[in-house]
Ligand code: CP
Ligand code: NVA
């Protein structure tokens, strides 16, 4: 049985199936409901706020014929100290899959280890793999064209990642780039170098540590096909907000910085954005900004991921 806790939980040879399914689901949208999750319930345990992830999963499970069950962590006994292991065992008796948004990445690993149903990481402090798969798909739609090879179109492309280079989105892009055969340059302040956890993850996968880190945002965007940023203050870091704004402001994606990437470079942001902080409104509004396609594609990509996991659970 498969889980999707990190980008590399699908091997390179499986990506073609996942991406092709996402494309098919996007083309079919609104015309037919699938029966892939018929008579199934998938529980969504969330400890953090969410708009895109929650709605895209709830709609996606419904469109696959299943029933989404949203559980705020504080409304269930997990929030009152019932162990992760017991929660996983109990929920596995009722539901067919668990979708989890939380702080500590080890918690989703423990749920997956103790439960008997597929677990999907819907964001931890360490990784946000559903977002990265969606973003790669969103770029590939443009680079491959309507009938081209989506996964192949990513190979050799360069991502520039600006701002908070030591948290979930940056980590996920590093792992994702290693899987998709992309190059990645990250530019962020001193003290925000990608940390030992992501280096250990790369090492565990037997992957070369193939990212480039710099303090110079212009060096990072030179030759980039894709310019990416995320909020400087992530969920759980609110108390550090002032300090982070001061440290990260040289890495804001301004129209001038975006213009220093390739002339056809795409701009992406996982959203929610803070215009005027990590990105200028003019960049969000640029015709090469694909932020709302990224948001929509969460639905199609997550339906593809659930389809493959549900199939593996039936074996
Ligand atoms: N990008 C993303 O995961 O958005 P939400 O926090 O709204 O789910
Ligand atoms: N880095 C952000 C991503 C939100 C989708 C956070 O963790 O809050």
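Annotations
- Residue 193 being in a helix (DSSP H, G or I), surrounded by fewer than 23 Cβ atoms within 10 Å (Cβ to Cβ) and either touching a strand residue (DSSP E or B) at 6+ places or on another chain (Cβ under 9 Å) or in contact (Cβ under 8 Å) with a residue 40 or more places away in the chain (or both): no
- Contact annotation: residue pairs with Cβ atoms under 6 Å, 6 or more positions apart or on different chains, pairing a residue in segment 110-132 that is under 15 Å from residue 83 (Cβ atoms) with a partner that is away from ligand 2 (no atom under 12 Å from the Cβ) and assigned to a loop (DSSP other than H, G, I, E, B), are 112/3.
- Every condition in (1) crowded, with 23+ Cβ neighbours inside 10 Å; (2) within 14 Å of ligand 1 (Cβ to nearest atom) is met by residue 66 except one, and the failing one is (2).
- Inside segment 37-63, residues that are in contact with a helix residue (DSSP H, G or I) (Cβ under 8 Å, 6 or more places away or on another chain) and within 21 Å of residue 123 (Cβ to Cβ) make up a count of 13.
- Listed conditions (1) under 19 Å from residue 192 (Cβ atoms); (2) within 16 Å of ligand 2 (Cβ to nearest atom); (3) in contact with a helix residue (DSSP H, G or I) (Cβ under 9 Å, 6 or more places away or on another chain) are all met by residue 257, apart from (2).
- The residue that is farthest from ligand 1 (Cβ to nearest atom), counting only those in segment 41-60 that are within 16 Å of residue 75 (Cβ to Cβ) and assigned to a loop (DSSP other than H, G, I, E, B), is 47.
- Residues in segment 88-109 that are part of a helix (DSSP H, G or I), over 24 Å from residue 60 (Cβ atoms) and under 21 Å from the mean Cα position of the chain (by Cα): 106 alone.
- Here the condition is being in contact (Cβ under 8 Å) with a residue 40 or more places away in the chain and either in contact with a strand residue (DSSP E or B) (Cβ under 7 Å, 6 or more places away or on another chain) or more than 21 Å from residue 130 (Cα to Cα) (or both); of 230, 285, 210, it holds for 230 alone.
- If you go through segment 115-139 and keep only what is assigned to a loop (DSSP other than H, G, I, E, B), closer than 22 Å to residue 36 by Cβ and within 16 Å of ligand 1 (Cβ to nearest atom), you end up with just 122.
- Output for segment 258-278, where each listed residue is touching a residue at least 12 places away in the same chain (Cβ under 8 Å) and over 22 Å from residue 143 (Cβ atoms): 272, 273, 274, 277, 278
- Residue count for segment 1-17, restricted to those that are outside any loop (DSSP other than H, G, I, E, B) and within 19 Å of residue 207 (Cβ to Cβ): 8.
- For residue 112, the criteria (1) assigned to a loop (DSSP other than H, G, I, E, B); (2) more than 15 Å from ligand 2 (Cβ to nearest atom); (3) at pLDDT 95 or above hold in every case but one, which is (1).
- Residues of segment 150-172 that are part of a loop (DSSP other than H, G, I, E, B), within 20 Å of residue 14 (Cβ to Cβ) and free of Cβ contacts under 8 Å to residues at least 40 places away in the same chain: 155 alone.
- Considering segment 263-279, and only residues there that are more than 16 Å from ligand 2 (Cβ to nearest atom) and out of contact with any strand residue (DSSP E or B) (no Cβ under 7 Å at 6 or more places or on another chain), the residue that is nearest to residue 222 (Cα to Cα) turns out to be 263.
- Residue list for segment 173-184, restricted to those being in a strand (DSSP E or B) and either modelled with pLDDT under 95 or crowded, with 23+ Cβ neighbours inside 10 Å (or both): 184
- Strands (runs of 3 or more DSSP E) wholly inside segment 200-300 that include at least 2 residues being within 21 Å of the chain's Cα centre (by Cα) and surrounded by 19 or more Cβ atoms within 10 Å (Cβ to Cβ): 226-229, 266-269
- Residues of segment 71-87 satisfying the condition of being outside any helix (DSSP H, G or I) and either touching a residue at least 12 places away in the same chain (Cβ under 8 Å) or within 20 Å of residue 58 (Cβ to Cβ) (or both): 71, 72, 76
The values are calculated or read from the model by the stated rules, or taken from the named source; none is laboratory data. Everything numeric here is computed off the predicted structure, so don't read it as measured data. We place every Cβ from the backbone using ideal geometry, glycine too, and count neighbours over all the protein chains shown.
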